[in-house]
Amino acid sequence: MNGHAAVTDDVLDLYRELILDHARSPRHFGRLANATHMAQGINPLCGDKLCVYLSIDDTEHIDAISFEGSGCAISVASASLLTDTVIGLSVDKAETVFSAVTKRLAKGGVDEPNDLGIDLERPFAKLRALDGVREFPSRVKCATLAWHALHSALHQDAQPATTE
């Protein structure tokens, strides 16, 4: 095995561990008191259900976010990574990240954090851990469910977000 393959395998192992860590110990899990926005998300194919709660301040920034619900490890990990990524962002920047992440996962887009004007110190780079789901098209819906719920919450859409 050459050095490049070993590094790639090591990176994949780290990403798998990151997904498992966020699935086992999701960040920002639970109902958010005093949420200003919320949306439900449902993946009818595998039964994932979640609710995203946001608190958007007067300057149109996400000052708090949480989620609750149940689903597979990828769905929960993606929701957890989402909360870490968008907290503190402006609504417009969160929409940009939503578009980039869903494009990257569904179509294999390769937008990098600095292309989006995202501070590289933010946990955006950790979202690459979700890239592996592209190998399994049915799992892309699990990974994007929370992102669609975020989008619905930002637009105060009363209908549950779905992956269909």
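The values are calculated or read from the model by the stated rules, or taken from the named source; none is laboratory data. A quick note: this is a predicted structure, and the numbers were derived from the prediction, not measured. Here Cβ is always computed from backbone atoms with ideal geometry, including for glycine, and neighbour counts include all displayed protein chains.
This table checks each residue for (1) under 16 Å from A39 (Cα atoms); (2) surrounded by 11 or more Cβ atoms within 10 Å (Cβ to Cβ); (3) modelled with pLDDT of 90 or more.
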{"residue": "R104", "(1), (2), (3)": "no, yes, no"}
{"residue": "N114", "(1), (2), (3)": "no, no, no"}
{"residue": "L127", "(1), (2), (3)": "no, yes, no"}
{"residue": "G132", "(1), (2), (3)": "no, yes, no"}
{"residue": "F136", "(1), (2), (3)": "no, yes, no"}
{"residue": "A146", "(1), (2), (3)": "yes, yes, yes"}
{"residue": "A153", "(1), (2), (3)": "yes, yes, yes"}
{"residue": "Q156", "(1), (2), (3)": "yes, yes, yes"}
{"residue": "Q159", "(1), (2), (3)": "yes, no, yes"}
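Filter the range 18-38 down to residues that are loosely packed, with under 13 Cβ neighbours inside 10 Å and either among the basic types (K, R) or under 15 Å from I56 (Cα atoms) (or both), then give me how many there are.
4
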Discussion item. Cβ-Cβ distance below 6 Å, separation of 6 or more or different chains: which pairs start in the range 38-62 with a residue that is at positive phi and end on one that is surrounded by fewer than 23 Cβ atoms within 10 Å (Cβ to Cβ) and outside any strand (DSSP E or B)?
Written reply: E60/V91
